[in-house]
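Heads up: the structure comes next, in structure tokens.
Nothing in this text is a laboratory measurement; each read-out follows from the coordinates by a stated rule. Every value quoted in this text rests on a predicted model; they were computed, and no experiment measured them. Every residue, glycine among them, receives a Cβ derived from its backbone with ideal geometry; neighbour counts consider all protein chains shown.
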Amino acid sequence: MKRIGIVVLTIILVATVTVMNRHWVLLQLASLVPIELLIEKQDEGPNVSWHDDYYTLEWLDSRTVAIGEPLYYQQNINYLIIGDERAVLFDAGSGLRSILPVAEQLTDKPITFIPSHFHYDHLGDGLPFDHIAVADLPHISHRADNGVLALKWHEHLGAAEGYATPTFEIDEWLKPGDELDLGNRKLTVIYTPGHTNDSISLFDPAADFLFSGDFIYQGPLFAFLPNSSLGDYEQGANHILEGTTKETKIYGAHRIKPPGVPVLRTSDVNDLKAGLANIRNGTLAPSGVYPAVYPINGWMDLWTEPGFLQNWEITYPD
């Protein structure tokens, strides 16, 4: 009986340690699984042009272009937002191909790179930018040594595809609510945590465009990652609804299929908010176990941890 008790205690200990370190374990397992990074070329429709044999361009208006990566399996979409004095590149893609030369061919204005968050598939190929701006949040800014920030594995997750966790210099800090003046064009920084606790979106009130990063887009929304929180997701949804209009066009950082860039609306954010409320009160049932997949609407699902592991804490309460 004593031996059986030791075996049971060992199993419990191993299970507990695995659950506590589940994100690290899953990342290591993911790094061992071969991934086909490129998919077949598909018809992108009449509004999209091929810049080269990898990137596509879709002009959303005369000063905003979506730079797509339709051959990368995650189908990233990055945004070049151009003002009279400078331009912003919001996200830099997978890093399979350098995006900076593409952006430089589209504008003669100096380019500021702003990541929507720190995951590897948004930081591009080694951050070769002259000017980088990131969210000024306490858990980020207090770690910067003379403006140099070393990311942590759980912020970057690059081991999944063989990327080293980067260290880079920050030139500009963006507080939630800040207004970026690009010259006859202004962008508002909106803190939109949930997918990660460092996520931001950019709102152009004149064009009524919201660039939402991975907070919301067409496809599965990941809320089971190391610094994800369902409580943060509710807060991020509220921030968007408070800062935009019913007619706002929302452009996310991924899609699930062509043609071109999907356009979401604040009605989709309301659907997400309602889904979160129903998950919290137990009236929305998931499929799957890990991740647990909750339907939000016809083109979005929310992928979370199982109920007993779900995090409803808010990183920075309003």
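May I ask you to evaluate 6.51 cos²θ - 1.76 cosθ + 1.60, the Karplus curve with θ = phi - 60°, for each residue of the stretch 186-197 and list the ³J(HN,Hα) values in order in whole Hz, giving x for glycine and proline?
Along the stretch 186-197, the couplings run 10, 10, 9, 7, 10, 6, 10, x, x, 4, 9, 8 Hz.
Kindly provide the chymotrypsin sites (Phe, Trp or Tyr not before Pro) of the stretch 95-127 that DSSP labels as loop, not H, G, I, E or B, and whose Cβ sees at most 15 other Cβ atoms within 10 Å. Let's see the in-between values first.
Values: sites: F113, F118, Y120; in loops: F118.
Qualifying residues, ordered by number: none.
Any chance you could check the Cα centroid distance between the stretch 197-222 and the stretch 119-142 for me, in angstrom?
Cα centroid to Cα centroid, the span is 16 Å.
First select every other residue whose beta carbon is under 15 angstrom from the beta carbon of T64; then total the charges, Lys and Arg +1, Asp and Glu -1.
Numbers: positive: R63, R86, K109, R185, K186, K249; negative: E58, D61, D84, D91, D204, D208.
Here the charged neighbours net out to 0.
Structure shown: which of K175/K257; K175/K273; K41/K186; K109/K175; K152/K175; K41/K109 lie over 27 Å apart, alpha-carbon to alpha-carbon?
Details: K175/K257 34 Å; K175/K273 24 Å; K41/K186 35 Å; K109/K175 23 Å; K152/K175 21 Å; K41/K109 31 Å.
Among K175/K257; K175/K273; K41/K186; K109/K175; K152/K175; K41/K109, the Cα-Cα distance tops 27 Å for K175/K257; K41/K186; K41/K109.
If neighbour count is taken as other Cβ atoms inside 10 Å, put T248, T188, T283 in order from fewest to most.
Values: T248 21, T188 17, T283 8.
The fewest-first ordering by Cβ neighbours comes to T283, T188, T248.
Going through the stretch 145-174, which chymotrypsin sites (Phe, Trp or Tyr not before Pro) have at most 12 other Cβ atoms within 10 Å and a DSSP loop state?
Values: sites: W153, Y163, F168, W173; in loops: Y163.
The qualifying sites: there are none.
Scan the stretch 221-318 for trypsin sites (Lys or Arg not before Pro) in coil per DSSP, keeping those whose Cβ has at most 13 other Cβ atoms within 10 Å, and list them by number. Please list the in-between numbers first.
Numbers: sites: K246, K249, R255, R265, K273, R280; in loops: K246, R255, R265.
Passing both the DSSP loop test and the Cβ count: K246.
How charged is the neighbourhood of I314? Take every other residue with its Cβ under 12 Å from the Cβ of I314, and add Lys/Arg as +1 and Asp/Glu as -1. Let's see the in-between values first.
Working: positive: none; negative: D232, E234, E313, D318.
Local charge sum for I314: -4.
Can you pull a Stokes-Einstein diffusion coefficient for the stretch 219-294 at 37 °C (0.692 mPa s), Rh from Kirkwood over Cα pairs, as a whole number of µm²/s?
Working: Rh = 13.8 Å.
The estimated diffusion coefficient comes to 238 µm²/s.
Which one of G288, G252, A274 is farthest out on the positive end of the charge dipole of the stretch 209-306, using unit charges on Cβ (Lys, Arg +1; Asp, Glu -1) and the Cα centre as origin?
Value: G252.
How many percent of DSSP beta bridges within the chain run antiparallel, rounded to 5? Spell out each step's value before the answer.
Working: 39 of 56 bridges.
Counting DSSP beta bridges with both partners in the chain, the antiparallel share is about 70 percent.
From the P(r) of the chain, could you give the percentage of C-alpha pairs in the tail past 36 Å? Working shown, then result.
Numbers: 8423 of 50403 pairs.
So the portion of pairs separated by more than 36 Å is 17 percent.
Hey, if you put +1 on the Cβ of every Lys and Arg and -1 on every Asp and Glu Cβ in the chain, which of F308, H156, W50 ends up farthest toward the positive end of that dipole?
F308
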